[in-house]
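Worksheet for the structure shown next.
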Amino acid sequence: EMLLLYGALQRAAALRVDELRAMGCLDRGLERLAAQVDPLLGDTATLASQLAVAEIERRAYGSRLKTICAELGSYAVPFTLVHGDLHLGNVARPAGRYLFFDWTDGCVAHPFFDTISIFQTKQARDPGVQARLRDSYLGVWAGYEPIERLREAWTLAKPLCALHQAVSYQHIVTNLEDSAQPAVASGLPYWVRQLLQALE
């Protein structure tokens with residue numbers, strides 16, 4: 001129910017992305033995401049302090065990530081409003097209604113990027129549950145592509161979900177004062193590891 005409602009919100013927002021950008025909403029479309037691959041993987045100073053040598057050596061995935069961005073862009077699913085930190089801790093249900101809050105990482109991006117944290121929750125780890133939730137959510141986008149192609153796009157989006165999060169954390173850490181960086185620094189290596197695992 002929550003995913004269907006959120007998908008409907010995203011589908012409606014897809015018609016208003018120009019307004020969102022005009023209001024200052026960060027643009028993280030696939031071309032921009034691809035352009036951020038090299039700065040992320042080349043951030044040796046940050047990654048070397050957080051990742052093991054073997055993990056750092058596996059960063060030679062830049063060209064593959066850019067190719068995946070281009071492939072995902074060939075599907076007709078439109079960019080839309082993305083929460084950027086959509087997990088169950090940022091969803092409330094007062095009086096039987098769903099409330100999505102904490103939009104500090106909100107941006108315009110591929111809609112599938114928002115679902116990665118939901119599908120990592122304890123309740124959604126069962127493959128059967130994941131498939132049911134996935135297909136329910138993808139049904140929201142059935143007007144743009146057949147379900148088979150939506151599933152293909154979903155698979156392509158998986159590593160890019162982690163890339164999107166890693167880039168977001170890199171941006172946050174880079175722009176914080178040194179004294180504030182340790183509080184959020186762990187998010188960057190976590191998502192880089194998720195990215196590496198998804199690619200493997």
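Of the listed values [x] 14; [y] 26; [z] 20, identify the label whose number matches percent of Cα pairs over 30 Å apart calculated from this model. Of the listed options [x] 14; [y] 26; [z] 20, [z] comes from this structure. Between 0 and 90 degrees, the angle of helix 2-13 with respect to the longest Cα principal axis of the chain falls at about 90 degrees. When the Cα gyration tensor is reduced to axis lengths a ≥ b ≥ c, the ratio a/c is 1.5 or higher for region 79-133, and with a/b not above b/c it is classed as oblate.
Helix 187-199 and the longest principal axis of the Cα set of the chain meet at an angle near 70°. If the chain linking A180 and L5 were pulled fully straight, counting 0.36 nm for each residue of separation and taking away their Cα-Cα distance, it would gain 59.4 nm.
Working note: Karplus 6.51/-1.76/1.60 with θ = phi - 60° gives region 80-91 the couplings 7, 6, 10, 5, x, 8, 7, 9, 5, x, 10, 10 Hz, where Gly and Pro are set to x.
Using alpha carbon centroids, what distance separates region 170-186 and region 1-46, in Å? The distance from the Cα centre of region 170-186 to that of region 1-46 comes to 21 Å. For A142 and T155, the difference between the fully extended length at 0.36 nm per residue and the C-alpha to C-alpha distance is 3.1 nm. On region 72-196, 54 percent of the accessible area sits on carbon and sulfur atoms, based on a 1.4 Å probe.
Rounded to the nearest 10 degrees, the angle from helix 62-73 to the longest Cα principal axis of the chain is 10 degrees.
The values are calculated or read from the model by the stated rules, or taken from the named source; none is laboratory data. The model shown is predicted, which means the values in this text are computed figures rather than measured ones. The protein model used for the area step is the full one, side chains on, heavy atoms only, and it has no ligands, DNA or RNA in it. Shrake-Rupley method; radii C 1.70, N 1.55, O 1.52, S 1.80 Å.
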